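Take a look at the structure below.
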Amino acid sequence: MNQFFWSKLTSGWSSFFLLPLIVAILSGCASLPPGSDFSKTVSLALAHPEETPLGRQFDSAAREHEGNSGFRLIQAGAAGFQLRMQMINAAKRTLDLQYFIFSGDETGRLLTDAVLHAADRGVRVRVLVDDGETLAGDEQLTVLDAHPSIALRIFNPFAYRGHIEMFRATEFAFNSGRLDYRMHNKLLVVDNAVALLGGRNIGDPYFQIDPDSQVADDDIFAAGPIARKLSASFDEFWNSTLAIPAQALSGGKASHGALNEHRQVLDREKGQLKADGVAFVKGIASGEPFNGIISGSLPLIWAHARLICDSPYKKKVESGAMKGELMQPEVAAATSAVQSELLMITPYLIPGDAGMHLFKDLRERNARVRILTSSLESSTVLPAQSGYMHYRVPMLEIGVQLYEIRALLGNIKGSGETEAISRHGNYSLHAKLIVFDRKELFIGSMNFDQRSKHLNTEIGLLIDSPALAQQIAARFDAMVAPVNSYKLALYPNDTGRAASLVWHTQEDGKAVEYHSEPARSEWQRVKVNILSLMPLEKEL
């Protein structure tokens with residue numbers, strides 16, 4: 001979800017009063033991103049991963065498992081952070097990182113420090129980040145470009161590199177056709193041998209250590225042949241015309257002096273880092289879960305998997321202007337093939353006509369459809385919530401079972417967070433998971449909304465594994481328990497009047513039903529209702 005776009009939409013358009021003053025600055029970059037004419041070197045993934053310890057281990061293991069790949073789900077936020085740190089620390093030859101958001105907060109800076117140390121060991125590092133939601137402080141990443149073993153590229157960047165919101169808003173207004181197109185992928189690949197992908201961005205909320213925002217998400221660790229396919233996807237984005245070298249935007253490489261100063265800051269901060277209820281620094285030193293995965297004490301599940309992803313030129317592929325991959329048709333085909341049950345977890349649920357047709361077709365074949373999504377009180381993106389509101393009654397009318405996650409959980413089982421952090425009551429959903437007949441699953445970066453379908457590039461895996469599918473189904477069941485969610489139902493009104501919604505949950509051991517939508521405040525209800533009147537669906 002492009003948070004920058006929505007901040008412009010909901011915070012007012014005062015910047016337009018200054019358009020005549022800055023339009024000249026922003027002209028001339030409507031079709032191609034700035035820096036597109038900068039000379040850059042094509043680079044590819046490590047050609048022989050079997051020459052590294054990780055490559056040898058999992059190449060041999062894949063042969064023992066009939067050429068399949070090995071997988072392990074990572075549900076706890078802190079474990080997702082620890083595993084990233086440990087994978088980076090284990091890199092011997094190459095390290096590739098591709099993220100929609102790479103924040104400059106505690107976890108982001110620790111990961112930056114780990115990347116620097118990997119480069120110091122001689123590891124070739126490539127970092128590709130999107131520019132849609134860059135905030136003040138995130139530019140700490142750009143200092144890495146001074147290191148001879150690190151290359152940093154920015155996907156589809158803004159021309160304006162500062163953080164004055166009205167300047168970015170104005171540029172967006174004049175170039176929305178280009179700047180609304182974002183790279184939503186999340187991927188980490190080490191030595192072209194092991195990888196981590198899913199829905200998590202880099203930032204404290206995604207690792208569930210921030211009291212103000214705990215975002216539920218999932219990663220999947222992948223090893224074996226699928227890692228090479230993931231690397232090929234990274235290479236396609238890295239070498240695309242939309243991936244701009246950081247030095248092309250800043251007027252040159254970052255200085256070694258700035259890099260050394262950044263190192264000193266990171267070293268000082270390490271001793272001061274803390275997180276409410278999560279000993280994540282100690283967790284890194286423990287070596288888990290990575291050591292357990294490598295040793296086999298945390299066994300992988302070996303299965304056939306298919307990489308599905310969008311081309312970096314998705315808009316041109318959709319329009320027929322060029323050939324390339326699109327992932328949405330693959331997910332739709334897997335959904336259409338369901339025989340008995342579809343389980344879906346998605347924070348943004350705007351199915352559109354095509355999605356509603358899929359659900360209706362499944363229900364007409366008596367397949368069970370159960371979906372967990374965001375409640376108004378847990379939502380962090382009100383425009384997306386406003387679009388979803390239009391589909392609730394139609395989905396319930398065809399028999400879809402609809403659940404909305406609560407901001408304050410009654411039970412942390414399956415939530416990915418600690419008891420201490422859960423007490424803050426700022427839980428929200430960010431995972432993107434689909435289970436097909438409890439035999440196959442999708443995990444990746446794609447939401448079930450129109451933005452993921454048309455405006456964002458996405459990546460994910462379709463994995464044939466009843467064992468992994470059952471793990472996600474168990475998490476789904478835990479999260480839709482009455483103490484953790486609202487189950488929606490239609491409440492019949494007087495004859496001739498449309499049915500209204502009712503929210504069923506459990507509080508203090510007692511069943512409760514709400515006939516007014518649960519929200520953090522009346523003002524939140526007012527805002528989402530106003531947004532629901534606006535024609536925004538193509539952007540949601």
Q.
What is the sum of charges, Lys and Arg at +1 and Asp and Glu at -1, for the other residues whose Cβ falls under 10 Å from the Cβ of GLU318?
A. +3
Q.
Kirkwood Rh over alpha-carbon pairs of segment 454-540, then Stokes-Einstein at 10 °C and 1.306 mPa s: what D in µm² s⁻¹, rounded to an integer?
A. 93
Q: Just add up the charged neighbours of GLY162: K/R +1, D/E -1, any other residue whose Cβ is under 13 Å from the Cβ of GLY162.
A: -3
Q) Amide H of GLY414: which non-local residues (sequence gap of 5 or more, or other chain) have their own amide H closer than 5 Å, using H built in the peptide plane? A) none
Q) Per residue, what volume in Å³ does the Cα convex hull of segment 120-161 take up? A) 74
Q) For segment 361-366, what does the Karplus curve 6.51 cos²θ - 1.76 cosθ + 1.60, with θ = phi - 60°, yield as ³J(HN,Hα) per residue in whole Hz, taken in order and with x for Gly and Pro? A) 4, 5, 5, 5, 9, 6
Q: Before rounding to the nearest 500, sum -39500 (n - 2.57) across all DSSP H runs of length at least 4 in the chain and divide by the residue total; then give [θ] at 222 nm in deg cm²/dmol.
A: -10000 deg cm²/dmol
Q: Find the relative contact order for segment 124-198 and round it to a whole percent, using C-alpha pairs within less than 8 Å whose residues are 6+ positions apart.
A: 29
Q) So how much slack lies between ALA420 and SER39, counting 0.36 nm per residue of separation and subtracting their Cα-Cα distance, in nm? A) 132.1 nm
(Q) Once you keep just the Cα pairs under 8 angstrom separated by 6 or more residues, what percentage relative contact order results for segment 344-415? (A) 38
Q: Just order 128-135, 155-162 by mean Cβ neighbour count inside 10 Å, highest at the front, would you?
A: 128-135, 155-162
Q: Round to the nearest 10 and report in Å² the accessible area of GLU50, as given by a 1.4 Å probe over the protein chains' heavy atoms.
A: 60
Q: Just reorder GLU404, GLU377 by solvent-accessible area, largest first, 1.4 Å probe, all chains present.
A: GLU377, GLU404
(Q) Suppose all protein chains stay in the model; what accessible area per residue would a 1.4 Å probe give for the chain, in Å²? (A) 39
Q) If you project the alpha carbons of segment 346-390 onto the principal axes, what extent comes out on each, in Å, largest first? A) 35, 18, 13
Q. When only alpha-carbon atoms count, how far does segment 290-389 stretch along each of its three principal axes, as whole angstroms with the largest first?
A. 47, 40, 35
Q) Mind checking which lysines have their C-alpha under 22 Å from LYS253, skipping anything on the same chain fewer than 8 residues away? A) LYS40
Q) Which FRET efficiency value, to the nearest 0.05, is calculated for HIS256 and SER60 with the Förster distance at 41 angstrom and r the Cβ-Cβ distance? A) 0.50
Q.
When the expected Rg is taken as 2.2 N^0.38 Å, what fraction or multiple of it is the alpha-carbon Rg of segment 389-540?
A. 1.17
Q) For the chain, what is the relative contact order in percent, using Cα pairs closer than 8 Å and at least 6 residues apart in sequence? A) 17
Q: Would you mind pulling out the separation of the Cα centroids of segment 340-370 and segment 32-86, in Å?
A: 33
Q: With the cut-off at 24 Å, report for segment 51-178 the share of all Cα pairs above it, as a whole percent.
A: 42
Q) Which far-off residues, 5 or more places away or on another chain, put their amide H under 5 Å from the one on ALA407, with H placed in the peptide plane? A) SER378
Q.
One quarter of the convex hull surface, Cα atoms only: what value does that give for segment 368-477 in nm²?
A. 7.7
Q) What does the highest-first list of 83-92, 137-146 look like by mean Cβ count within 10 Å? A) 83-92, 137-146
Q) Of the listed peptides 206-212, 462-468, what is their order by residue-averaged count of other C-beta atoms within 10 Å, with the highest listed first? A) 206-212, 462-468
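The values are calculated or read from the model by the stated rules, or taken from the named source; none is laboratory data. Values in this document were obtained by computation on a predicted structure and should not be read as measured data. Ideal geometry is used to build each Cβ from the backbone, glycine not excepted, and the neighbour counts take in all protein chains shown. To get the accessible areas, we keep the full protein, side chains included, count just its heavy atoms, and leave off ligands, DNA and RNA. Shrake-Rupley method; radii C 1.70, N 1.55, O 1.52, S 1.80 Å.
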